[in-house]
Amino acid sequence: MAPFLSLHTHWLRRLAGWTLLCLAFGAQAHDTLRVLTWPGYADPDLVKAFEQRTGAKVEVTFIDSDDVMWQKLSKDRAADFDVFAANTAELQRYIQADLVVPIDTRAIPNTARQLPRFRNLKGIAGLVQGNKVYAIPYTYSEMGLIYDRQQVKEPPTSLRALWEPRYRGKVLLYNGSTHNFSLAAMALGDSTPFHLDEREWPAAVQQLIALRRNAMGYYGQPEESVEMFTRGHATLMFANYGSQQLQLLKAAGADVGYAIAREGALAWLDCWAITRSAKNLELAQAWINFFLEPEAGNALLTRQGLANTTSESPYLRPQDKLKWLEPVEDVDRRARLWDRILAGDRASKVLAP
Amino acid sequence: MKFGIAVKLGLLLAGVSMLASGLTGFYAYQTSRAMLVESAKTELLTTTHVLGRRIGLSREEVSRNLQVLANHPAALAAVQGSNPAQEDQLATLFESILRANPSYFQIRLISASDNGLERVRVDRAGDRVLRVRGDDLQEKAHFSYVSGTLRLAPGTTYLSRIVINHERGAHAGLDQPSVILATPVADDMGRAVGAVVINVDLNGVFATLANDLPRDYQLFLANRNGDYLIHPDPTQTFGFDKGRRVLIQDEFPATRDLVSGAANQLLTEVQDGRYGDAPVVAAFISNKVRVTADEDRLTLGLAQPLAAVLAQADRLGSVVLQMVAGLCLICLLLAVLVARAVTHPINSMSTAVQRFTFGHQVAALPVERQDEIGVLARSFSHMQEEIRQQLDALQTSREELEHLARHDVLTGLPNRRAFQERLEHTLVRAQRRGERFALLFIDVDNFKSINDYWGHEGGDAALKIVALRLSTATRKADAVARMGGDEFVVLLENPTHREDIVVIAEKLLESVRSPILYEGQEMQVGFSIGISQYPDDGNTSAQLLSRADHAMYETKAAGRNGFRFSSTKGAPTNPTPL
């Protein structure tokens, strides 16, 4: 009796295992939406509302840099995610790597609510290729400078303020390879910060090492920057998240100002895109459509201090000179060198092959 | 029915005592179970505190190592400028410490000058301990563990946030959960001119600390925001590093107060979510980091399956059950004994009553008892005695009445009625057996003249003496009765020959013929006897009596004082000559 029983139990267990596996696959294939995005883009209450409306389960993963996003999406050809938010420049490498699928804008009726310049997708570099739309604009900001008004009496006018020796050990920076190289190039007076030619690399590296020597630290997520800024009494911060960080810092009680340097500010437009591994396209489209609704737009504006695409931004000033992100000459090289710089390597080591 | 009361009483006693022991057992179990669970929780909490203290001790040990290194003369010399000899000496020291402490990833001496350039660096790389030199040494001033340490006073320790180490070139420590401890190296003026930094393998430290814990304990560690750093399921740790935070307060809602700082410790039971199948008891403490740290507070927790806690209670339960069963058995025996003790005297009394009713001898009663049953037995015994005496008296008087009814008052001889019965009886027996018997009718001659001469008292005295003489002269088996007045009758059982009857008749006459003394004078009395025989003279008592009577009159007529057979067949008997 005993062997039969154990055989029986074993068999049952395997059956149960298969059933669970099938259920899990079924659920993942049809009812779970896996979202990769930035902090503040998918607040839990909005996610919950979306889940209630669609009956689907949503798994949100937050990233804090383009590099990390690329790591996660390029792994297994985007098998782990259905929808993600990337800026227009970053989007290009996803299109080239065939990790995203074209989006049928008719399936996202809320695009009709967007401002005309965001509906004109062909007018935005990088969104349309061969008449196929690859992303829907969601939010945008410029990367200004945030300064502590107690310590910095005159608002900084140049990016070079970040390198000023008097701010040594008091400058808070962002841990992101492409933007930092662009930032260094702009500070060096380069008009094409997204395209470093071979002669420009050493100077850019030296510039970034110099910046590192002025640095108090590097942040990833907006909240982290706020904590480091307030705890470390930073004087100046390169605001990768722009007005979003300004709003958070003010909410945390910091007396901070925001400045756009005369060299201009890098600016990004983040868009929703759908990966090639998205099993349930309707659900992914419903997600993008949902975040174009007034509720989500308001959340961006009021909670995050970020602009949305359905109303004019209260944060951008017409006089500010913006450099909208463009695909860079070699993201891998920037990432590789940046890793070395961040780890503390000196120029010779950073530039070594 | 006989054991009705015994059974009922026994059942009642057994029921009450079983209920009592059952209830006692149940409540004892309940209380003890609650106490056991409570004590297991307290134990869990204590263990968590002990673990917390051991973490503190481990940290202090690292601090001591840091102090030893920071105070080493070579350390100061090495941070103040390139000094290969001192650096080598220090590197050797670092290597030996790294070898002695498997949970250390890396030991470095970092200078405050040169943008936080590493002066001496020894990394763990796989199984090896590797000294990093030359161009591979990095500038670390932009890391808070350097800037933070350089702000500290000599002799104090800096503790970093616990993170996944992404510093490129960290060898074994790369992408591993680490915590960095550091202390400043001070110059003669007391200024921090460098820092000694030790990277500690978080999992290594906790694996060592948790070694002594029971196998079923689960260890949790969370940072001040509640992000898991250690969790039985490694995928739940460092969620913030993976873009999906996993918080202790989401899994254990009760820890919200710990994370917010409102509480220092708590105990909780969780039976939902991932613990739906195997509920746990968990203890959490909020450990304030005592050194200057970016991670100012940690939440440490231990969880134990509730089943393990309750296993002890289950053992207790079975012991209680055994005790209750034992008690019930004892109670049952006691109940039987008590029931028997109570009903035994009642039964013996009822036996006594039954025997008494059947006229048996009085059975033993428990009169010696001093209790109520003794009183009852004594009253009953007394009553029994009275009834017996009265019955005896009744019997006596009944027997007297019976005697009076069947005997002659004057002579004491059976009277006519009694004789008639005897005659009938003898007749029936004689008919059945074919026996013979004879009736002798005896009459006092001239009794009227005796009465007249001697008075009635003289006559009565004569009759008494005659009766006595007749009784004496006959056999026991024969019956003598007074039929009334001066008439007597004698029944001779089974005379074999007529001659026997003659002998007896003559003997009777002889006995009564002798003079009777009355008041000093002799009284001469004569008798006439008539004899009838069964079956010769008749088949009924009346016939037999009548024949005997007739024969007696013939005797009288023939001159008295003799006897005569009534039988006509036989020759007429001559009266015995006087």
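Laboratory data are not the source of any read-out in this text; all were calculated from the coordinates shown. Only a predicted model underlies this, so the values are computations on that prediction, with no experimental measurement involved. All Cβ positions, even for glycine, are placed from backbone atoms using ideal geometry, and neighbour counts span all protein chains on display.
Candidates A:Ile124, A:Leu236, A:Ser65 compared by Cα position along the dipole of the protein assembly as shown: farthest toward the positive end lies A:Ile124, with charges placed on Cβ.
Compactness ratio of region B:407-565: Cα Rg over 2.2 N^0.38 Å, N = residue count? Present the calculation step by step, with values, prior to reporting the outcome.
On the way: Rg = 15.1 Å, N = 159, 2.2 N^0.38 = 15.1 Å.
Its radius of gyration relative to the 2.2 N^0.38 Å reference: 1.00.
For trypsin sites (Lys or Arg not before Pro), the sites in region A:140-172 that DSSP calls loop and that have at most 14 other Cβ atoms within 10 Å are A:Arg149, A:Lys153. Residue by residue along B:241-253, Cβ atoms of other protein chains within 10 Å of the local Cβ number 2 on average. Neighbouring Cβ atoms from other chains, within 10 Å of the Cβ of residues in A:62-71, number 2 on average. Straight-line cross-link partners of A:Lys132 among the lysines, defined as a Cα under 22 Å from its Cα and at least 8 positions apart when in the same chain: A:Lys122, A:Lys279.
Of all aspartates and glutamates in the structure, those lying under 19 Å Cα to Cα from B:Lys464, and not within fewer than 8 positions of it along the same chain, are B:Asp408, B:Asp443, B:Asp445, B:Asp452, B:Asp478, B:Asp486, B:Glu487, B:Glu510, B:Glu519, B:Glu522. What's the local net charge at A:Leu196, with K and R +1, D and E -1, over the other residues with C-beta under 15 Å away? So the environment of A:Leu196 carries a net charge of -3.
Net charge in the neighbourhood of A:Val47 (other residues with Cβ under 13 Å of its Cβ; Lys, Arg +1, Asp, Glu -1) is 0. Other residues within the sphere of radius under 14 Å centred on the Cβ of B:Ala479, judged by their own Cβ, net out at +3 (K and R +1, D and E -1). Counting only DSSP H runs of at least 4 residues, each contributing -39500 (n - 2.57), and dividing by the residue count of chain A, the helix-based mean residue ellipticity at 222 nm comes to -12000 deg cm²/dmol.
Amide H contacts under 5 Å for B:Asn287: B:Leu298, B:Thr299, B:Leu300, restricted to partners 5 or more places along the chain or on a different chain, H placed in the peptide plane at 1.01 Å from N. Helix A:44-54 and the longest principal axis of the C-alpha atoms of chain A enclose an angle of approximately 40°. As an exercise, use a Förster radius of 60 Å and the Cβ-Cβ distance of B:Arg245 and B:Leu337 to find the FRET efficiency, rounded to the nearest 0.05. Computed FRET efficiency for B:Arg245 and B:Leu337: 0.25. Each peptide in B:250-256, A:112-118 was scored by the mean count of other Cβ atoms within 10 Å over its residues; highest first, the order is B:250-256, A:112-118. Is it possible to state the helix-based mean residue ellipticity at 222 nm for chain B, with each DSSP H run of 4+ residues giving -39500 (n - 2.57), the sum divided by total residues, to the nearest 500 deg cm²/dmol? What is it? Helix contribution divided over all residues of chain B: -17000 deg cm²/dmol.
What's the FRET efficiency of B:Leu12 with B:Arg398 using the Cβ-Cβ distance as r and R₀ = 45 Å, to the nearest 0.05? That pair, B:Leu12 with B:Arg398, gives E of 0.35.
Hydrophobic long helices, here whole DSSP H runs in chain B with Kyte-Doolittle means of at least -1.0 and Cα atoms spread over 18 Å or more along the helix axis, are found at B:4-70, B:84-100, B:306-357, B:372-406, B:447-473, B:498-513, B:541-557. By the rule of a C-alpha distance below 17 Å, with chain neighbours fewer than 8 residues away ignored, the lysines paired with B:Lys507 are B:Lys476.
Let me know the charge dipole size of the protein assembly as shown about its Cα centre in debye, to the nearest 20, where only the beta-carbon of Lys, Arg (+1) and Asp, Glu (-1) is charged. Please list the in-between numbers first.
Numbers: 100 positive and 105 negative charges, 302 e Å.
Rounded to the nearest 20 debye, it is 1460 debye.
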